[in-house]
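Accompanying notes for the structure given below.
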Amino acid sequence: MPPQPHPVRASESGNVPRHVAIVMDGNGRWARKRFMPRVYGHKVGVEALVRVVQSCADRGIEHLSVFAFSSENWKRPSDEVSGLMGLVLVAVSKYLAKLAGDGVRIRIVGDRSVVSDKLRAAWREAEESTAHNTRITLSVAFNYGGRWDVVQACRRIVEAGTPPERIDEALLASHMAMSYAPDPDLFIRTGGEVRISNFMLWQTAYSELYFTHCLWPDFGDTELDAALAAYARRDRRFGEVRDSAPVLAVAPHAEG
Ligand code: FPP
(Lines give C-alpha, C1' and ligand atoms only; values in the text may rest on other atoms or scores of the structure.)
Protein backbone atom coordinates (compact mmCIF):
# COMPACT_ATOMS: atom_id res chain seq x y z
CA MET A 1 0.00 0.00 0.00
CA PRO A 2 1.47 3.43 -0.87
CA PRO A 3 2.32 5.67 2.11
CA GLN A 4 -0.75 7.62 3.24
CA PRO A 5 -0.42 11.42 3.72
CA HIS A 6 -0.18 12.49 7.34
CA PRO A 7 -3.70 13.52 8.37
CA VAL A 8 -3.67 17.25 9.15
CA ARG A 9 -6.36 18.36 11.57
CA ALA A 10 -7.96 21.57 10.38
CA SER A 11 -7.51 23.12 13.82
CA GLU A 12 -3.76 22.25 13.80
CA SER A 13 -3.10 23.92 10.48
CA GLY A 14 -5.38 26.85 11.25
CA ASN A 15 -6.92 26.25 7.85
CA VAL A 16 -10.55 25.95 8.90
CA PRO A 17 -13.21 26.68 6.26
CA ARG A 18 -15.47 29.61 7.10
CA HIS A 19 -18.39 28.07 5.24
CA VAL A 20 -19.19 24.38 4.76
CA ALA A 21 -22.05 23.28 2.49
CA ILE A 22 -23.41 19.73 2.73
CA VAL A 23 -25.65 17.56 0.55
CA MET A 24 -26.97 15.14 3.17
CA ASP A 25 -27.46 12.13 0.90
CA GLY A 26 -28.08 8.50 1.78
CA ASN A 27 -30.91 8.65 4.31
CA GLY A 28 -33.17 6.40 2.24
CA ARG A 29 -30.50 3.71 1.72
CA TRP A 30 -29.53 3.86 5.40
CA ALA A 31 -33.15 3.12 6.36
CA ARG A 32 -33.65 0.42 3.70
CA LYS A 33 -30.55 -1.43 4.94
CA ARG A 34 -32.40 -1.67 8.26
CA PHE A 35 -35.72 -2.69 6.63
CA MET A 36 -37.22 0.62 7.73
CA PRO A 37 -39.21 3.20 5.72
CA ARG A 38 -37.18 5.92 4.00
CA VAL A 39 -38.71 8.62 6.20
CA TYR A 40 -37.09 6.94 9.20
CA GLY A 41 -33.72 7.59 7.52
CA HIS A 42 -34.59 11.28 7.24
CA LYS A 43 -35.56 11.33 10.94
CA VAL A 44 -32.17 9.91 11.95
CA GLY A 45 -30.66 12.32 9.40
CA VAL A 46 -32.06 15.25 11.38
CA GLU A 47 -30.38 13.89 14.53
CA ALA A 48 -27.09 13.67 12.62
CA LEU A 49 -27.55 17.27 11.48
CA VAL A 50 -28.10 18.55 15.02
CA ARG A 51 -24.82 16.86 16.08
CA VAL A 52 -22.89 18.14 13.04
CA VAL A 53 -24.01 21.75 13.65
CA GLN A 54 -22.49 21.54 17.12
CA SER A 55 -19.28 19.92 15.82
CA CYS A 56 -18.89 22.59 13.13
CA ALA A 57 -19.39 25.36 15.70
CA ASP A 58 -16.82 23.72 18.01
CA ARG A 59 -14.28 23.76 15.16
CA GLY A 60 -14.76 27.45 14.43
CA ILE A 61 -16.81 27.08 11.23
CA GLU A 62 -19.00 30.19 10.87
CA HIS A 63 -21.55 28.97 8.33
CA LEU A 64 -23.05 25.54 7.70
CA SER A 65 -25.49 25.24 4.79
CA VAL A 66 -27.42 22.04 4.17
CA PHE A 67 -29.65 20.83 1.35
CA ALA A 68 -32.78 19.58 3.11
CA PHE A 69 -35.29 19.58 0.24
CA SER A 70 -34.59 20.41 -3.37
CA SER A 71 -36.93 21.93 -5.94
CA GLU A 72 -36.82 18.48 -7.59
CA ASN A 73 -37.71 16.49 -4.44
CA TRP A 74 -41.44 17.12 -5.05
CA LYS A 75 -41.17 14.25 -7.59
CA ARG A 76 -40.64 11.74 -4.75
CA PRO A 77 -43.51 9.48 -3.62
CA SER A 78 -46.18 11.60 -1.91
CA ASP A 79 -45.83 9.76 1.42
CA GLU A 80 -42.12 10.61 1.51
CA VAL A 81 -42.79 14.28 0.65
CA SER A 82 -45.47 14.61 3.32
CA GLY A 83 -43.26 12.66 5.75
CA LEU A 84 -40.43 15.15 5.18
CA MET A 85 -42.75 18.13 5.69
CA GLY A 86 -44.05 16.62 8.92
CA LEU A 87 -40.53 15.85 10.02
CA VAL A 88 -39.51 19.47 9.64
CA LEU A 89 -42.37 20.59 11.91
CA VAL A 90 -41.41 17.97 14.50
CA ALA A 91 -37.73 18.89 14.19
CA VAL A 92 -38.43 22.59 14.79
CA SER A 93 -40.45 21.87 17.94
CA LYS A 94 -37.95 19.26 19.19
CA TYR A 95 -34.59 20.95 18.50
CA LEU A 96 -35.21 24.69 18.17
CA ALA A 97 -34.68 25.47 21.85
CA LYS A 98 -31.44 23.46 21.95
CA LEU A 99 -30.03 25.05 18.79
CA ALA A 100 -31.05 28.52 19.97
CA GLY A 101 -29.38 27.90 23.35
CA ASP A 102 -26.21 26.70 21.60
CA GLY A 103 -25.83 30.03 19.78
CA VAL A 104 -27.01 28.79 16.37
CA ARG A 105 -28.64 31.29 14.03
CA ILE A 106 -31.10 29.54 11.71
CA ARG A 107 -31.93 30.81 8.23
CA ILE A 108 -34.15 29.14 5.68
CA VAL A 109 -33.44 29.61 1.98
CA GLY A 110 -35.66 28.59 -0.89
CA ASP A 111 -39.05 29.27 -2.42
CA ARG A 112 -41.55 29.50 0.45
CA SER A 113 -44.49 30.38 -1.76
CA VAL A 114 -45.66 26.77 -2.15
CA VAL A 115 -45.07 25.35 1.35
CA SER A 116 -47.93 25.17 3.86
CA ASP A 117 -48.82 28.07 6.16
CA LYS A 118 -47.89 25.88 9.11
CA LEU A 119 -44.41 25.23 7.73
CA ARG A 120 -43.92 28.90 6.85
CA ALA A 121 -44.86 29.83 10.43
CA ALA A 122 -42.40 27.26 11.82
CA TRP A 123 -39.61 28.66 9.63
CA ARG A 124 -40.44 32.19 10.76
CA GLU A 125 -40.33 31.15 14.41
CA ALA A 126 -36.96 29.39 13.90
CA GLU A 127 -35.48 32.45 12.19
CA GLU A 128 -36.87 35.08 14.54
CA SER A 129 -36.02 33.29 17.76
CA THR A 130 -32.38 32.76 16.70
CA ALA A 131 -31.77 36.04 14.85
CA HIS A 132 -29.52 37.39 17.63
CA ASN A 133 -27.20 34.33 17.69
CA THR A 134 -23.66 34.65 16.33
CA ARG A 135 -21.79 31.37 17.07
CA ILE A 136 -22.68 29.68 13.78
CA THR A 137 -25.28 30.27 11.06
CA LEU A 138 -27.17 27.19 9.90
CA SER A 139 -28.76 27.80 6.50
CA VAL A 140 -31.35 25.18 5.64
CA ALA A 141 -32.07 25.05 1.90
CA PHE A 142 -35.68 23.94 1.53
CA ASN A 143 -37.55 23.93 -1.78
CA TYR A 144 -34.28 25.33 -3.06
CA GLY A 145 -32.39 24.88 -6.32
CA GLY A 146 -29.22 26.58 -7.49
CA ARG A 147 -30.86 27.47 -10.82
CA TRP A 148 -33.92 28.83 -9.02
CA ASP A 149 -31.55 31.00 -6.98
CA VAL A 150 -29.92 32.50 -10.09
CA VAL A 151 -33.35 33.10 -11.69
CA GLN A 152 -34.85 34.77 -8.60
CA ALA A 153 -31.76 37.02 -8.34
CA CYS A 154 -32.10 38.04 -12.02
CA ARG A 155 -35.82 38.69 -11.60
CA ARG A 156 -35.26 41.00 -8.65
CA ILE A 157 -32.54 42.90 -10.53
CA VAL A 158 -34.81 43.36 -13.55
CA GLU A 159 -37.78 44.32 -11.36
CA ALA A 160 -35.64 47.08 -9.83
CA GLY A 161 -35.18 48.53 -13.34
CA THR A 162 -31.40 48.02 -13.27
CA PRO A 163 -29.67 49.13 -16.50
CA PRO A 164 -27.81 46.18 -18.12
CA GLU A 165 -24.41 47.88 -17.85
CA ARG A 166 -24.77 47.94 -14.05
CA ILE A 167 -25.22 44.17 -13.88
CA ASP A 168 -22.00 42.47 -12.86
CA GLU A 169 -20.96 39.49 -10.72
CA ALA A 170 -21.00 41.49 -7.50
CA LEU A 171 -24.54 42.73 -8.12
CA LEU A 172 -25.80 39.25 -8.96
CA ALA A 173 -24.05 37.81 -5.89
CA SER A 174 -25.73 40.42 -3.70
CA HIS A 175 -29.15 39.20 -4.87
CA MET A 176 -28.54 35.49 -4.27
CA ALA A 177 -30.55 33.88 -1.46
CA MET A 178 -27.47 33.38 0.73
CA SER A 179 -25.84 36.75 0.04
CA TYR A 180 -25.30 37.16 3.79
CA ALA A 181 -22.70 34.35 3.77
CA PRO A 182 -19.30 34.05 2.09
CA ASP A 183 -19.16 31.44 -0.71
CA PRO A 184 -18.70 27.90 0.64
CA ASP A 185 -15.03 26.97 1.04
CA LEU A 186 -15.83 23.28 1.37
CA PHE A 187 -18.67 21.36 -0.29
CA ILE A 188 -19.34 17.90 1.13
CA ARG A 189 -21.64 15.28 -0.33
CA THR A 190 -22.32 12.05 1.54
CA GLY A 191 -23.86 8.87 0.12
CA GLY A 192 -21.35 8.07 -2.63
CA GLU A 193 -22.78 10.10 -5.53
CA VAL A 194 -20.32 12.48 -7.18
CA ARG A 195 -22.40 15.47 -8.28
CA ILE A 196 -23.61 18.86 -7.09
CA SER A 197 -27.31 18.22 -7.84
CA ASN A 198 -28.28 21.88 -8.22
CA PHE A 199 -27.09 23.00 -4.75
CA MET A 200 -25.58 26.52 -4.62
CA LEU A 201 -24.39 26.44 -8.24
CA TRP A 202 -23.30 30.08 -8.34
CA GLN A 203 -21.60 30.05 -4.96
CA THR A 204 -19.58 26.81 -5.38
CA ALA A 205 -17.52 28.07 -8.33
CA TYR A 206 -14.31 27.83 -6.27
CA SER A 207 -15.40 25.52 -3.45
CA GLU A 208 -13.27 22.51 -2.63
CA LEU A 209 -15.36 19.41 -3.31
CA TYR A 210 -15.33 16.39 -1.00
CA PHE A 211 -17.32 13.21 -1.63
CA THR A 212 -17.70 10.32 0.79
CA HIS A 213 -19.51 6.98 0.67
CA CYS A 214 -20.63 7.48 4.27
CA LEU A 215 -24.44 7.63 4.41
CA TRP A 216 -25.67 10.85 6.03
CA PRO A 217 -27.14 9.33 9.24
CA ASP A 218 -23.66 7.83 9.92
CA PHE A 219 -21.83 11.12 9.35
CA GLY A 220 -20.17 12.23 12.59
CA ASP A 221 -16.99 13.76 13.99
CA THR A 222 -14.66 11.20 12.37
CA GLU A 223 -16.03 11.90 8.89
CA LEU A 224 -16.21 15.66 9.47
CA ASP A 225 -12.58 15.74 10.61
CA ALA A 226 -11.52 13.66 7.58
CA ALA A 227 -13.23 16.18 5.29
CA LEU A 228 -11.63 19.12 7.13
CA ALA A 229 -8.21 17.44 6.96
CA ALA A 230 -8.59 16.91 3.21
CA TYR A 231 -9.61 20.57 2.87
CA ALA A 232 -6.57 21.71 4.86
CA ARG A 233 -4.29 19.87 2.39
CA ARG A 234 -5.83 21.51 -0.69
CA ASP A 235 -3.99 24.29 -2.50
CA ARG A 236 -6.60 26.95 -3.27
CA ARG A 237 -5.47 29.20 -6.10
CA PHE A 238 -8.75 30.73 -7.37
CA GLY A 239 -7.40 30.69 -10.91
CA GLU A 240 -4.09 32.37 -9.99
CA VAL A 241 -0.54 31.01 -9.98
CA ARG A 242 0.95 31.05 -6.49
CA ASP A 243 4.56 30.51 -5.43
CA SER A 244 3.35 27.83 -3.02
CA ALA A 245 1.92 25.76 -5.89
CA PRO A 246 3.59 22.33 -6.11
CA VAL A 247 6.22 22.18 -8.87
CA LEU A 248 5.67 19.21 -11.17
CA ALA A 249 8.74 17.08 -11.75
CA VAL A 250 9.55 17.21 -15.46
CA ALA A 251 11.95 14.79 -17.08
CA PRO A 252 15.15 16.68 -18.13
CA HIS A 253 15.18 17.60 -21.80
CA ALA A 254 17.68 15.44 -23.68
CA GLU A 255 20.25 17.78 -25.26
CA GLY A 256 21.37 16.76 -28.76
C1 FPP B 1 -31.15 12.69 0.60
O2 FPP B 1 -31.21 11.33 0.97
C3 FPP B 1 -31.76 13.47 1.65
C4 FPP B 1 -32.84 14.27 1.49
C5 FPP B 1 -33.52 14.48 0.20
C6 FPP B 1 -33.41 14.98 2.62
C7 FPP B 1 -32.46 15.38 3.70
C8 FPP B 1 -33.28 15.93 4.77
C9 FPP B 1 -33.04 15.80 6.08
C10 FPP B 1 -31.85 15.18 6.69
C11 FPP B 1 -34.07 16.38 6.99
C12 FPP B 1 -33.88 17.87 7.02
C13 FPP B 1 -34.77 18.46 8.03
C14 FPP B 1 -34.51 19.60 8.67
C15 FPP B 1 -35.41 20.06 9.73
C16 FPP B 1 -33.31 20.42 8.37
P17 FPP B 1 -31.99 10.33 0.02
O18 FPP B 1 -33.37 10.19 0.51
O19 FPP B 1 -31.89 10.78 -1.40
O20 FPP B 1 -31.19 9.01 0.26
P21 FPP B 1 -30.93 7.86 -0.81
O22 FPP B 1 -29.98 8.44 -1.82
O23 FPP B 1 -30.30 6.79 0.03
O24 FPP B 1 -32.24 7.47 -1.39
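The values are calculated or read from the model by the stated rules, or taken from the named source; none is laboratory data. From a predicted model like this one, the values you see are computed outputs, not experimental measurements. Here Cβ is always computed from backbone atoms with ideal geometry, including for glycine, and neighbour counts include all displayed protein chains.
The conditions of being assigned to a strand (DSSP E or B) and within 15 Å of the ligand (Cβ to nearest atom) are met by V66. Among the residues making up the range 70-88, those that are assigned to a loop (DSSP other than H, G, I, E, B) and either without any contact (Cβ under 8 Å) to a residue 12 or more places away in the chain or of a type in the set (K, R) (or both) are R76, P77. Scoring F67 on the criteria (1) in contact with a helix residue (DSSP H, G or I) (Cβ under 8 Å, 6 or more places away or on another chain); (2) crowded, with 19+ Cβ neighbours inside 10 Å; (3) closer than 19 Å to G220 by Cβ leaves a single failure, condition (1). Only one of the numbered conditions (1) free of Cβ contacts under 8 Å to residues at least 60 places away in the same chain; (2) under 24 Å from V39 (Cβ atoms); (3) buried (at least 16 other Cβ atoms within 10 Å of the Cβ) is violated by D102, and that is (2).
Scanning the range 89-115 for residues that are outside any helix (DSSP H, G or I) and near the ligand (Cβ under 10 Å from one of its atoms) yields a total of 2. Within the range 205-222, restricting attention to residues that are under 15 Å from the mean Cα position of the chain (by Cα) and crowded, with 18+ Cβ neighbours inside 10 Å, the residue that is farthest from the ligand (Cβ to nearest atom) is E208. Under the condition of being modelled with pLDDT of 90 or more and in contact with a Phe, Trp or Tyr (Cβ under 9 Å, 6 or more places away or on another chain), the residues counted in the range 89-114 number 8. Scan the range 23-42 for residues that are surrounded by fewer than 20 Cβ atoms within 10 Å (Cβ to Cβ) and within 28 Å of T204 (Cα to Cα) and the total you get is 1. Take the residues in the range 14-47 that are among the aliphatic types (A, V, I, L, M), modelled with pLDDT of 95 or more and in contact with a Gly (Cβ under 7 Å, 6 or more places away or on another chain), then tell me which one is nearest to the ligand (Cβ to nearest atom). Going through the qualifying residues, I end up with M24. The selection criterion, being within 11 Å of the ligand (Cβ to nearest atom), surrounded by fewer than 16 Cβ atoms within 10 Å (Cβ to Cβ) and of a type outside the set (K, R), holds for G86. Annotation: R112 fulfils all but one of (1) more than 18 Å from the chain's Cα centre (by Cα); (2) over 15 Å from A68 (Cβ atoms); the unmet one is (2). Is it true that some residue in the range 36-52 is of a type outside the set (K, R) and in a loop (DSSP other than H, G, I, E, B)? Scanning the range 36-52, I find at least one residue that is of a type outside the set (K, R) and in a loop (DSSP other than H, G, I, E, B), so the answer is yes.
Results for (1) more than 14 Å from S65 (Cβ to Cβ); (2) within 12 Å of the ligand (Cβ to nearest atom); (3) without any contact (Cβ under 8 Å) to a residue 60 or more places away in the chain; (4) acidic (D, E), shown as yes or no for each residue.
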{"position": "W123", "(1), (2), (3), (4)": "yes, yes, yes, no"}
{"position": "E128", "(1), (2), (3), (4)": "yes, no, yes, yes"}
{"position": "I157", "(1), (2), (3), (4)": "yes, no, yes, no"}
{"position": "V194", "(1), (2), (3), (4)": "yes, no, yes, no"}
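When you look at S93, is it among the hydroxyl-bearing types (S, T, Y) and free of Cβ contacts under 8 Å to residues at least 40 places away in the same chain, yes or no?
yes
Residue check: H132 meets all listed conditions (1) surrounded by 19 or more Cβ atoms within 10 Å (Cβ to Cβ); (2) outside any helix (DSSP H, G or I) but one, namely (1). For G60, the conditions (1) assigned to a loop (DSSP other than H, G, I, E, B); (2) more than 19 Å from the chain's Cα centre (by Cα) all hold with the exception of (2).
When you scan the range 42-64, do you find a residue that is more than 18 Å from D218 (Cα to Cα) and small (G, A, S), even just one? For the range 42-64, residues more than 18 Å from D218 (Cα to Cα) and small (G, A, S): present.
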